1. Calculate the spin-label point distance for Leu50 paired with Phe9, positioning each point 7 Å from the Cα along the beta-carbon direction, and give it in nanometres.
2. Would you please give the FRET efficiency between Lys70 and Met21, computed as 1/(1 + (r/R0)^6) with r the Cβ-Cβ distance and R0 = 45 Å, to the nearest 0.05?
3. Find which of Leu50, Gly105, Leu171 sits farthest along the positive direction of the dipole of the range 29-200, computed with +1 on the beta-carbon of Lys and Arg, -1 on that of Asp and Glu, about the Cα centre.
4. What nm value, rounded to one decimal, do you get for the distance between Lys2 and Glu165 when each label is placed 7 Å out toward the C-beta?
5. Taking the chain on its own, what percent of its Cα-Cα pair distances exceed 29 Å?
6. So how many Å³ per residue does the convex hull of the Cα atoms of the range 99-185 work out to?
7. Listing Met145, Met1, Met22 from the residue with the fewest other Cβ atoms within 10 Å to the one with the most, what is the order?
8. As an exercise, use a Förster radius of 22 Å and the Cβ-Cβ distance of Val212 and Cys140 to find the FRET efficiency, rounded to the nearest 0.05.
Amino acid sequence: MKEQPQRTFTSQEQQLLEEIMMHRRDVRGNHFLDTPIPEEAIDTIIKSALVAPSVGFSQPWEFVLIRDQKTKQAVKATFSEETERAALQFADQKQKEYIKLKLEGILEAPLNIAVFYKPKEGPVLGQTSMPNMGKYSVVCAIQNMWLMARSLNIGMGWVSILDPEKVKKVLRAPKENQLVGYLCFGYTDMFYNQPELELRKWDRKKLQKEVVIQERYI
Ligand SMILES: Cc1cc2nc3c(=O)[nH]c(=O)nc-3n(C[C@H](O)[C@H](O)[C@H](O)COP(=O)(O)O)c2cc1C
């Protein structure tokens, strides 16, 4: 193999990546604008997904771009059903808080993207012991999209309160495809500087020392 010149990064570039990560937010429907997203920006976001790492270089992903309000309405219907069921799982005060939260932006976002895991036939290098690795690869692609969108000042919201089988049916997805993420994209009126669920005191941010373990668990 021929040696290629290696790219190195300056500390300024490293800080820029850190800033994009720090300022990435989950955006919900109360903040999306209906300004259309230029095709070039959509292409940039998709290309960011296609360079994500994947187990055994399997690239086990497919992306359905949804702009049709009718399709979005059909997906929103499963969100409404699922969120009603979800609320019941929280007790008393938490249930009251849950009901007040806006947890999606399906209709408001000009672009929705359904991201599927498409399993490969036969064994995949690296996925022979831990079968979820293919799906984790798709999540890596989604995170790339989230960061790339943010760098374009486009918001993304991940909606997971959906019946994946109903979404598959709406999109006529092949039987073997598994829904990993249903994403909403659009320009926004603002980006929060910290997670909205932290601001609303749904949960607190964990401290580094709470989640980093040295060497082994006690
Ligand atoms: C796998 C996954 C699924 C999520 N599903 C939802 C969802 O259904 N509705 C929602 O409002 N936010 C959803 N989120 C966004 C999280 O609530 C959000 O990432 C978290 O509160 C931290 O906020 P931030 O992303 O703005 O930093 C999801 C995030 C992830 C990673």
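Read-outs: derived from the displayed coordinates by stated rules, not from any lab. Every value quoted in this text rests on a predicted model; they were computed, and no experiment measured them. Note that each Cβ is placed from the backbone with ideal geometry, even for glycine, and that neighbours are counted across all protein chains shown.
1. The answer from the label model is 2.2 nm.
2. Details: r = 36 Å, r/R0 = 0.79.
Step by step, r from the Cβ atoms, then E = 0.80.
3. Value computed over the given set: Leu171.
4. Distance between the two pseudo-spin positions: 5.3 nm.
5. Tail of P(r) above 29 Å: 35 percent of Cα pairs.
6. Details: hull volume 10.8 nm³, N = 87.
Cα convex hull per residue, to the nearest whole number: 124 Å³.
7. Numbers: Met145 26, Met1 3, Met22 11.
With the sparsest Cβ surroundings first, the list reads Met1, Met22, Met145.
8. 0.55
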